[in-house]
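A quick write-up on the structure given underneath.
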Amino acid sequence: MVERTSFVEYLMEFGLTRQEATIYQCLLGEGKATGYEVSKLTGISRSNAYNSLANMTEKGAACLVEEGNTRKYVPMPLDEFCKNRIRRMEEAKRWLSVHAPMEKTHVEGYITIEGSTNILDKIRNILCKVEKRVYISCTRNYLLLLVREIEELQKAKKKLVIITDHPVHFDGAKVYVGSPRGMQIGIIADSKYVLTGEYGEGSMNTCLYSGQKNFVELYKNALANEIKLLSIQEAKEVL
């Protein structure tokens, strides 16, 4: 997953460039500033500062205030700016859903997903679309990134089976604790779709997603065999 470590990087998720996000942060701290002052405070050239401020007014991140012969800029309140951007994205999503051309499905093939952020997004989308049951195999630490989706599955009373490497509790879920998962991830949704691969640094951020029947059955059987072994082990420990 791409790690955002600064206020500016989080702002960029809301449609601002790095320069615009830097200026927005500056305006929040100053309350009000001219383009010249913004340039001095941020180290951004005056021409780039003015161009960025003009773009920010169009994006709803800043407003222009006339004070006599001086033009100053004030930031849109952070909460209001974020809500407005999200609202516009939701509106755009609805429009696109209505006007998008019919998509051809490719679930019978194999799709390679690269990058930790893309992998996590795909997993979350899979879990949100589960109809009846889902099996998840991964390390406990990775499960913590999926708590919200798991809780939604619990509320909807979907069957949830988890195979992980340390004890964890989710109401209504059957949890098996086995050997270390490392960076291995595996998910089977409704016995129709499989995502499997590795989550880690660099080239290890690669997973395979498929609805190809033979592949799904092969992975399903492998997971079923592991569950059987863990069930036998659990029974021995009870005795």
> Taking interchain pairs and intrachain pairs at least six residues apart, which have beta carbon atoms under 7 angstrom, with the first residue in region 171-184 and under 17 Å from Y135 (Cβ atoms) and among the aromatic types (F, W, Y) and the second open to solvent by less than 60 Å² (accessible area, probe 1.4 Å) and not in a strand (DSSP E or B)?
Replying inline: Y176/I227; Y176/L230
>> Testing Y24 on (1) buried (at least 21 other Cβ atoms within 10 Å of the Cβ); (2) in contact with a Gly (Cβ under 8 Å, 6 or more places away or on another chain), one condition comes back false. Which one is that?
In response: (2)
> Out of V175, V134, V194, V130, which single residue is more than 22 Å from the chain's Cα centre (by Cα), hydrophobic (A, V, I, L, M, F, W, C) and either surrounded by 12 or more Cβ atoms within 10 Å (Cβ to Cβ) or at pLDDT 95 or above (or both)?
Replying inline: V175
> Does at least one position in region 61-84 carry a residue that is out of contact with any Cys (no Cβ under 8 Å at 6 or more places or on another chain), open to solvent by 50 Å² or more (accessible area, probe 1.4 Å) and aromatic (F, W, Y)?
Replying inline: no
> Of (1) open to solvent by 50 Å² or more (accessible area, probe 1.4 Å); (2) in contact with a Gly (Cβ under 9 Å, 6 or more places away or on another chain), E217 satisfies all except one. Which?
Replying inline: (2)
>> Restricting to region 98-124, and then to whatever is closer than 14 Å to Y142 by Cβ and open to solvent by less than 50 Å² (accessible area, probe 1.4 Å), can you tell me which residue is modelled with the highest pLDDT?
In response: I123
> Of all the residues that make up region 137-150, how many are within 14 Å of the chain's Cα centre (by Cα) and buried (at least 17 other Cβ atoms within 10 Å of the Cβ)?
Replying inline: 4
> What number goes with the only condition from (1) open to solvent by less than 40 Å² (accessible area, probe 1.4 Å); (2) farther than 24 Å from D121 by Cβ that G15 does not pass?
Replying inline: (2)
>> Would you confirm whether or not region 151-168 contains a residue that is surrounded by fewer than 18 Cβ atoms within 10 Å (Cβ to Cβ), touching a residue at least 60 places away in the same chain (Cβ under 8 Å) and farther than 28 Å from Q233 by Cβ?
In response: no
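The values are calculated or read from the model by the stated rules, or taken from the named source; none is laboratory data. Just so you know, these numbers come straight off a predicted model, no measurement behind them. Glycine also receives a Cβ, built like all others from the backbone with ideal geometry; neighbour counts cover every protein chain displayed. With ligands, DNA and RNA removed, areas are computed over all heavy atoms of the protein, side chains included. Shrake-Rupley method; radii C 1.70, N 1.55, O 1.52, S 1.80 Å.
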